[in-house]
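This report concerns only the one structure given below.
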Amino acid sequence: MKIAHKIATALFTVSLLATAGCASTSSKEGTGEYVDDSVITTKVKASIFNEPSLKTTEINVETFKGTVQLSGFVAQPGDIAKAGEVARGVKGVTAVKNDLHVK
């Protein structure tokens, strides 16, 4: 009976550690948040691709906990604002950090 109790305790401890490993912190995403951010990144990239005045190959998109960061280069100063507007229009985006620069 003691062996069964020790095994049950060990399994419980392992399950707690596994669950804690999936939890998010202020600097690390949980598994679900990572998947959500990947979806947001893909949607923002697709929206920028569908905008004829913007070149997606020169705009990098990263997402962390719903905040989208745009970086890279654009041809015109107005494209910086346009890319920010496009990113803000995507469902799930909570904020946009626009670090785009004109070539």
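Within the stretch 83-103, residues that are among the basic types (Lys, Arg) have Cβ atoms under 6 Å from residues that are not in a loop (DSSP other than H, G, I, E, B) in these pairs: ARG88/VAL96; LYS97/GLN69; LYS103/PHE73, counting only partners at least 6 apart in sequence or on another chain. When THR25, THR63, THR57, THR13 are screened for being modelled with pLDDT under 90 and not in a helix (DSSP H, G or I), only THR25 passes.
Note on the stretch 48-66: residues that are open to solvent by less than 40 Å² (accessible area, probe 1.4 Å) and on the phi < 0 side of the Ramachandran plot total 5. Filtered by the rule that a residue be of a type in the set (Gly, Ala, Ser), farther than 15 Å from VAL39 by Cα and loosely packed, with under 13 Cβ neighbours inside 10 Å, the stretch 67-94 gives ALA75, GLY78.
The values are calculated or read from the model by the stated rules, or taken from the named source; none is laboratory data. All figures in this text were calculated on a predicted structure; none of them were measured in a lab. Here Cβ is always computed from backbone atoms with ideal geometry, including for glycine, and neighbour counts include all displayed protein chains. What goes into the accessible areas is simple: the full protein's heavy atoms, side chains included, and nothing from ligands, DNA or RNA. Shrake-Rupley method; radii C 1.70, N 1.55, O 1.52, S 1.80 Å.
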